[in-house]
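Participant: Below: one structure in structure tokens.
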Amino acid sequence: MTTSQDMITTLSAMGESTKAAEMAAYHKTARTFLGVPAAALDELARGLRADLDLAERCALAQELWRGEVHEGGILAAKLLTQARIRPDDAPVWDIIFQWAQGFDSWALADAASIAGAKRLQAVPARLDAVDGWTQSANMWTRRAALVMTLPWARLPHPKTDDLAVRERVLGWAEGYVPDRDRFIQKAIGWWLRELSRRDPDRVVQFLEGPGAALTKGAKTEATRLIAAQ
């Protein structure tokens, strides 16, 4: 059975000391950085997803996430990133939901949000639970509500239900406008930028309405692609 310690040993052997120092200086968290390249983590995760059953992956992901190694947390999220999980993906969603309550850095939050987005797309009714995140005391949890719903901003041919989700998320973004935390403002700008690829008019409408009070940086990000057209 593959254990978290096995994986940390593997990751340590894949690490690069110079890159580890650069990552530690950039991320500025208390975790240990090994300097493992992103491509190597992707390849390792693909192999583990193929070799381990769902229960084994969930257990390993939980152990790695609880550890103090940055790359271990990233690998944990990648273990659970999968478009289709049969017959029941509820255990995966439950883990991601639990993680989201304790996010403490953008890199780990974004990695887990990619996995979470797949589960939301599989069962959009889970957005009811994410709605509660918008009132969380944890800024990273509030931000995750936008990051995990990015697929709806990117849909080229949204159906009626998809459009309803877009409007719901824009409602969350409207509630975030007064929050001056730069990560929240950047997340709003990011969401609007992605939506501008598909519906620039709706982005302009938002910016001329509730988004008028966004920071200059958020507005610049939101309109970057529109300005380039």
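The values are calculated or read from the model by the stated rules, or taken from the named source; none is laboratory data. What you see is a predicted model, and the numbers here were worked out from it, not measured in a lab. Here the Cβ is made from the backbone with ideal geometry for all residues, glycine too, and neighbour counts use every protein chain on show. What goes into the accessible areas is simple: the full protein's heavy atoms, side chains included, and nothing from ligands, DNA or RNA. Shrake-Rupley method; radii C 1.70, N 1.55, O 1.52, S 1.80 Å.
Participant: Classify segment 70-121 as rounded, prolate or oblate from the Cα gyration tensor: take a ≥ b ≥ c as the square roots of its eigenvalues, call it rounded if a/c is under 1.5, otherwise prolate when a/b beats b/c and oblate if not. Walk me through the numbers before you get to the answer.
Facilitator: Working: a/c = 2.03, a/b = 1.67, b/c = 1.22.
Taking the square roots of the gyration eigenvalues as a ≥ b ≥ c, segment 70-121 is prolate.
Participant: By average Cβ neighbour count within 10 Å, what is the ranking of 163-170, 40-47, 82-89, 21-28 from highest down? Show your work: numbers first, answer last.
Facilitator: Details: 163-170: 17.5, 40-47: 15.1, 82-89: 11.0, 21-28: 13.1.
With the highest mean Cβ count within 10 Å placed first, the list reads 163-170, 40-47, 21-28, 82-89.
Participant: Is the C-alpha gyration tensor of segment 94-229 telling us rounded, prolate or oblate? Criteria: a/c under 1.5 is rounded; beyond that, a/b larger than b/c is prolate, otherwise oblate.
Facilitator: Details: a/c = 1.78, a/b = 1.27, b/c = 1.40.
In terms of gyration-tensor shape, oblate.
Participant: Check Val69: other-chain or 5+ apart residues with amide H under 5 Å from its amide H, H built from backbone geometry?
Facilitator: Thr32
Participant: Right, next: With all protein chains present, how much of the accessible area of the chain (probe radius 1.4 Å) comes from carbon and sulfur, to the nearest whole percent? Walk me through the numbers before you get to the answer.
Facilitator: Working: 5910 of 11190 Å².
Reported share for carbon and sulfur atoms: 53 percent.
Participant: Determine the per residue accessible area of segment 148-229 with all protein chains present and a 1.4 angstrom probe, expressed in square angstrom. Intermediate values should be presented prior to the final figure.
Facilitator: On the way: 4310 Å² over 82 residues.
With all protein chains present, segment 148-229 gives 53 Å² per residue.
Participant: While we're here: Around Leu54, under 10 Å between beta carbons, what's the net of Lys plus Arg minus Asp minus Glu among the other residues?
Facilitator: Numbers: positive: Arg49, Arg57, Arg86; negative: Asp53, Glu56, Asp88, Asp89.
Cβ neighbours under 10 Å give a net charge of -1.
Participant: How charged is the neighbourhood of Ala187? Take every other residue with its Cβ under 9 Å from the Cβ of Ala187, and add Lys/Arg as +1 and Asp/Glu as -1.
Facilitator: On the way: positive: Arg142, Arg143, Lys186; negative: none.
In short, +3.
Participant: In degrees from 0 to 90, rounded to the nearest 10, what is the angle of the helix 182-196 Cα long axis to the longest principal axis of the chain?
Facilitator: 70 degrees
Participant: Could you tell me the convex hull volume per residue, in Å³, taken over the Cα atoms of the chain?
Facilitator: Values: hull volume 30.8 nm³, N = 229.
So the per-residue Cα hull volume is 135 Å³.
Participant: Which order do the peptides 123-130, 193-200 come out in when sorted by mean C-beta neighbours inside 10 angstrom, highest first?
Facilitator: Working: 123-130: 13.8, 193-200: 18.2.
Highest mean packing first, the order is 193-200, 123-130.
Participant: Equivalent-ellipsoid semi-axes (√(5λ), Cα gyration tensor) for segment 4-46, whole Å, largest first?
Facilitator: Details: eigenvalues 65, 27, 17 Å².
Equivalent-ellipsoid dimensions as semi-axes: 18, 12, 9 Å.
Participant: Using θ = phi - 60° and the Karplus curve 6.51 cos²θ - 1.76 cosθ + 1.60, what whole-Hz ³J(HN,Hα) does each residue of segment 2-11 get, with Gly and Pro shown as x?
Facilitator: Coupling constants for segment 2-11: 6, 10, 5, 5, 4, 6, 5, 4, 4, 5 Hz.
Participant: Once phi is turned into ³J(HN,Hα) by the Karplus curve 6.51 cos²θ - 1.76 cosθ + 1.60 with θ = phi - 60°, what whole-Hz value does each residue of segment 52-61 show in order, with x for glycine and proline?
Facilitator: Result, rounded to whole Hz: 9, 7, 4, 4, 5, 5, 4, 5, 5, 4.
Participant: Compute the long axis of helix 216-228 from its Cα atoms, compare it with the longest principal axis of the Cα atoms of the chain, and write down the angle in degrees, 0 to 90, nearest 10.
Facilitator: So the inclination is approximately 80 degrees.
Participant: With angles folded into 0 to 90 degrees, how steeply does helix 17-27 sit against the dominant principal axis of the chain? Use alpha carbons for both and round to 10.
Facilitator: It works out to around 40 degrees.
Participant: Right, next: With each run of n ≥ 4 DSSP H residues scored as -39500 (n - 2.57), what mean residue ellipticity at 222 nm is computed for the chain after dividing by its residue count and rounding to the nearest 500 deg cm²/dmol? Provide the component values of the computation, followed by the final result.
Facilitator: Details: 14 runs with 160 residues, N = 229.
It lands at -21500 deg cm²/dmol.
Participant: Starting with the highest mean, order 148-157, 104-113 by the number of other Cβ atoms within 10 Å, averaged over the residues of each peptide.
Facilitator: Working: 148-157: 17.6, 104-113: 20.6.
By packing density, highest mean first, the sequence is 104-113, 148-157.
Participant: Taking θ as phi - 60°, what are the ³J(HN,Hα) couplings along segment 159-170 by the Karplus curve (6.51, -1.76, 1.60), each to the nearest whole Hz, with x for Gly and Pro?
Facilitator: 8, 4, 5, 5, 5, 5, 5, 3, 5, 5, 5, 4
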